[in-house]
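The values are calculated or read from the model by the stated rules, or taken from the named source; none is laboratory data. Only a predicted model underlies this, so the values are computations on that prediction, with no experimental measurement involved. Here the Cβ positions follow ideal geometry from the backbone for every residue, glycine too, while neighbour counts run over all protein chains shown.
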Amino acid sequence: MSGIQNYMFRQITGPLLFFAFVLTGVIWLSQSLRMLDVVINQSQSVGTFIYLTVLGLPQLMPLILPFAMFFAVLYALNRLYTESELVVMWAAGFSRWVVVWPILLIALAVTAVGYLFSLVVMPAGMREMKNRVFEIRADLVNTFVREGSFTNPIKGLTVYVSQNNPGGEIQGILVHDARNPKGIATYMAQSGMLANTPTGPRLIMNQGNVQWLEGGEGRLKILNFEKYTFDLSQFEKGQGARIPEVAEMWLHQLFNPQATVPEKQRKKYIAEAHSRLSGPLYAIVFALIATVALVGGNFNRRGYAGRIGLAFLAMFGARLPGFAFQQWTASNADMAVFMYAWPALWIIGLLFVLVHPRFEILRKGKMAEPVAEGA
């Protein structure tokens, strides 16, 4: 690679990393709001919140990287034009491929990184995140016992614990059970603990009483006890084997789902698999769109606002049908071929524009004007 190409490589790599970081940060902040429910309602630490949100980042990268590539190429080329660096290159007789080759190499590298995230890092990260969230929500201590707070584990049940000791003992227990309007009861105990039994989890309360209203007159009844066991087995309902979500499944699992998976869901799996294989190609498409917009035409002393606007329209025009093809593939697997053909057509067409002789003639005829004027 020549010195000019190395220079172009550095000029594009810097903005690429910057835009990737910014886009990731913005989307990460919006996505992290979904984890606040786990952190707040399950009394988790800030460290757990950060860990869970970081695990979700790989899911965003295959979508972010092509856009970061587009913005980086557009920014770098526009700046080089504004500072007349590219004009000097053209006037010195350099081919436009001195500029295009580094862009293509970076786009190929970004595509490879996109495949790495899409096929390996994303499913691994999402699986770990979902497993951790499942464990947190299944943890009875965090769900049921929160020191100094009134909690509502399920509708109609209110729990308060004044102190939660490290050894597992809890003190100052109040349980108000209003799940059955005809049998509302309040339990109070000096101490207790959570225990797992062969028949399910139990809250064992010591030295307390249970209070309820009886009869039409609503007379208060109080029953003192030395030990009372409160059934918590209902909290384990629905917490059996966790069903993996689409984002955490490996590619071979998407293409070969279990026989018990319904046909409609199978098609969604197939569409997701093809999306992971075709999505990273848009890094090349977006890079070529930005390159053609600024390199594939005449020099313009008044700037390239119009071309940049058209580049944005072309970018959305290239990507939105890709999302549509994925939706159609989820209904008809035969549509999967368009998920690859569409970006491939864009790549071939844009490369044709770059190598077409007409553009080379236009460039030679008009690119050197600013240098001549400044001489």
Quiz item: Within the set of pairs 6 or more residues apart or between chains, which connect a residue that is assigned by TED's automatic domain parsing to the domain that holds Ala330 and over 20 Å from Met129 (Cα atoms) inside the stretch 249-270 to a residue that is part of a helix (DSSP H, G or I) and among the charged types (D, E, K, R) with Cβ atoms less than 9 Å apart?
Solution: Pro257/Arg266
Quiz item: Which residues, counting only those in the stretch 39-98, are among the aromatic types (Phe, Trp, Tyr) and closer than 23 Å to Phe286 by Cα?
Solution: Phe67, Phe70, Phe71, Tyr75, Tyr81, Trp97
Practice problem: May I ask you to list pairs of residues, at least six apart or on different chains, whose Cβ atoms are under 9 Å apart, with the first in the stretch 297-326 being assigned to a helix (DSSP H, G or I) and the second being modelled with pLDDT under 70 and loosely packed, with under 14 Cβ neighbours inside 10 Å? | Solution: Gly306/Asn300; Arg307/Asn300
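The rows are residues; the columns are (1) crowded, with 17+ Cβ neighbours inside 10 Å; (2) among the hydrophobic types (A, V, I, L, M, F, W, C); (3) under 24 Å from Ile347 (Cβ atoms).
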residue: Gly148; (1), (2), (3): no, no, no
residue: Ile154; (1), (2), (3): no, yes, no
residue: Tyr160; (1), (2), (3): yes, no, no
residue: Gly167; (1), (2), (3): no, no, no
Practice problem: Sort out which residues of the stretch 63-117 are surrounded by fewer than 19 Cβ atoms within 10 Å (Cβ to Cβ), within 14 Å of Tyr7 (Cα to Cα) and either outside the structural domain of Gly322 (by TED's automatic domain parsing) or of a type outside the set (A, V, I, L, M, F, W, C) (or both), and write them in order of number. | Solution: Arg79, Glu85
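For the stretch 1-89, which fully contained helices (runs of 4 or more DSSP H) count at least 2 residues that are of a type in the set (Phe, Trp, Tyr) and within 30 Å of Thr291 (Cβ to Cβ)?
Per the criteria, 3-32, 61-82.
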Quiz item: Can you find even one residue in the stretch 38-50 that is assigned by TED's automatic domain parsing to the domain that holds Arg307, under 18 Å from Thr111 (Cβ atoms) and in contact (Cβ under 8 Å) with a residue 40 or more places away in the chain?
Solution: no
Quiz item: When you scan the stretch 179-213, how many residues do you find that are at pLDDT 90 or above and either among the polar types (S, T, N, Q) or in a loop (DSSP other than H, G, I, E, B) (or both)?
Solution: 7
